[in-house]
Amino acid sequence: MTMTRCTNAEESLILNIQSQAIPEPNSPIHSLPPEILSKIFLLTFKDDPYSILMTGGPWLLGRVCRWWRDIAWCYPALWSSFKVNLPRQRSRTERLDVEVRILQEALHRARQSGLSMDIDADILCHDRADAITQTLLQHAPQWENIRLSGRMVDIWARQWSRFTDSSPARFPLLKSLHLDAHFPKGLHATLSIFNHAPILRHLRFIILIPLPMHFHPDKMPFPWSHLTHLHLSVFENDGATRGAIIKVLRLCTNLEELTEQSALCLEQDPISPLTLQKLCSLTVKSFRLLQCLVYPILEYLLFTMPPEEPGPSGSLPLFHQFFECSGSQLQTLDICIMGDSMDPVQLFSYLPRLHKLHLFFPDDNDKDPSRFFKCLGDTSAVLPSLSDLGLRVGKIFTWDESLVEIIDKRWRDSGLSRVCIRCDEACVGENGDQAAQTLSCIDHLKSLKAEELDISILVKGSNEIRYDLFEDDAHNNVLYSTVY
């Protein structure tokens, strides 16, 4: 025991000496102005918010030297982005009192800066954490970007209401709200907390079980019409999710960007189409949502469905109808090609303004991928404005030379400036003729890169082609990479 006490005393003395130490006058640290050093500190914690109730983050900076501590203590931006969480097990109430004081001190150092917080609701839904909740509530006018997560978000929301019944919290700076809820029953109470958020523009909520049939977002006191960016992901197993999503979208009249990642069931009741007049960007997981929506000024469209998702062949007329109604202003399309039924000529005819085209061909889903490239040969009629072409394929250099010829023609005649090909394998071919054709394709692409076409081939898996075949020593260009 004596040895332990001595060791602890020594460690305490060392930490105290380190915290008071001043760098030598000629130390490199003195060559950096405080404003530069403070920016370096900020970048250190930018992508990994620290736990404000622990001892990480800017608290560590104060242990290096007095110079660093003075800078960190006086730089509010260092204290304005953090996690609010606690160890799951707590044996001493006294320790909680210490953490409340730590939180208060950190918020004091943030001064009037907008706060970005990742709040673990599970550890704040107990009476012992009321002091932390009340401290956060006092700083509600500074909340700027908030993420709420945990299995007990709804319980925490009801406890929050105990402190705000007489005077609802107001969030004049709140711009972004991210809600990870395991259960939708508390969605009403949770969203209602943020009713008084006049500049809230971004909402992301993820629900891990289906929404109930009686889900009525129009009865929630929440500023739906203020939103410009919405990210939805709702678990689906009963066919009711699509209707719930449409209910939300009807309230979001100013939406500009939508990400919808729910896996929708096949059986759905008919729903009258909804027009989103201001939507410019759409990321969607299922084709089944397209038949419900019209986007007159849509510019960006990304499909994120997995390869096993049934393609549009069963509802191809609805798929084409969507592009006919919403494709005239589209500038970027990222799509997974499902099956052989999709007609590329008809698809591209709906997209006269398209600049960026990314195509993903899952293995064995399309027997003739080259048909998509052959139709691109007519630069005057098909995608005349195309400047960025991206391809994701199983194997490269297994087709005929049509792809390389189209790249060459587009580069010379119609303004194609960037090509990125991602593949799982790069193959030479099984016989001499195929190998010769492959090498010819590589040489052709290398010559285009030497002419300053931005072209790259990224191979994820096996590669049968020697790396040096992709190198152009004369122009110091590399066509090939194994990383993506």
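Just so it is clear, none of the values below were taken in a lab; they were calculated from the coordinates. Quick caveat: nothing in here was measured; it's all calculated off a predicted structure. Glycine also receives a Cβ, built like all others from the backbone with ideal geometry; neighbour counts cover every protein chain displayed.
Things worth noting here:
- The 3J(HN,Hα) values that the Karplus relation (6.51, -1.76, 1.60; θ = phi - 60°) gives for the stretch 163-168 are, in residue order, 8, 10, 4, 7, 9, x Hz. Gly and Pro appear as x.
- Inter-label distance, Asp343 to Leu43: 5.4 nm, where each label sits 7 Å from its Cα along the C-beta direction.
- FRET efficiency estimate (nearest 0.05) - Cβ-Cβ, Val98 to Arg204, R0 45 angstrom: 0.85
- Rounded to the nearest whole Hz, the Karplus-based 3J(HN,Hα) values (6.51 cos²θ - 1.76 cosθ + 1.60, θ = phi - 60°) of the stretch 245-257 follow the sequence 5, 4, 4, 5, 5, 5, 8, 8, 6, 10, 5, 10, 9, with x at glycine and proline.
- The amide H of His231, built 1.01 Å from its N in the peptide plane, has Leu203, Arg204, Phe205, Thr259 as neighbours under 5 Å, considering only residues 5 or more places off or on other chains.
- Straight Cα distances below 16 angstrom link Lys175 to none of the lysines, with same-chain residues fewer than 8 positions distant left out.
- Near the amide H of Leu302, within less than 5 Å, lie the amide hydrogens of Leu282, Thr283, Val284, Asp334, all on another chain or at least 5 residues away, with H placed in the peptide plane.
- In terms of packing, defined here as the mean over residues of other Cβ atoms within 10 angstrom, the peptides 292-304, 216-228 line up highest first as 292-304, 216-228.
- Phi-derived couplings, Karplus 6.51 cos²θ - 1.76 cosθ + 1.60 at θ = phi - 60°, listed residue by residue for the stretch 202-209: 10, 10, 10, 9, 10, 10, 8, 9 Hz, with x used for Gly and Pro.
- Checked against a 29 Å cut-off, the cross-linked pairs Lys247/Lys278; Lys46/Lys446; Lys374/Lys460; Lys39/Lys285; Lys356/Lys460; Lys285/Lys449 give Cα-Cα distances beyond that limit for Lys46/Lys446; Lys39/Lys285; Lys285/Lys449.
- Taking amide H as placed 1.01 Å from N in the peptide plane, the amide H of Leu293 sits under 5 Å from that of Leu274, each at least 5 places away or on another chain.
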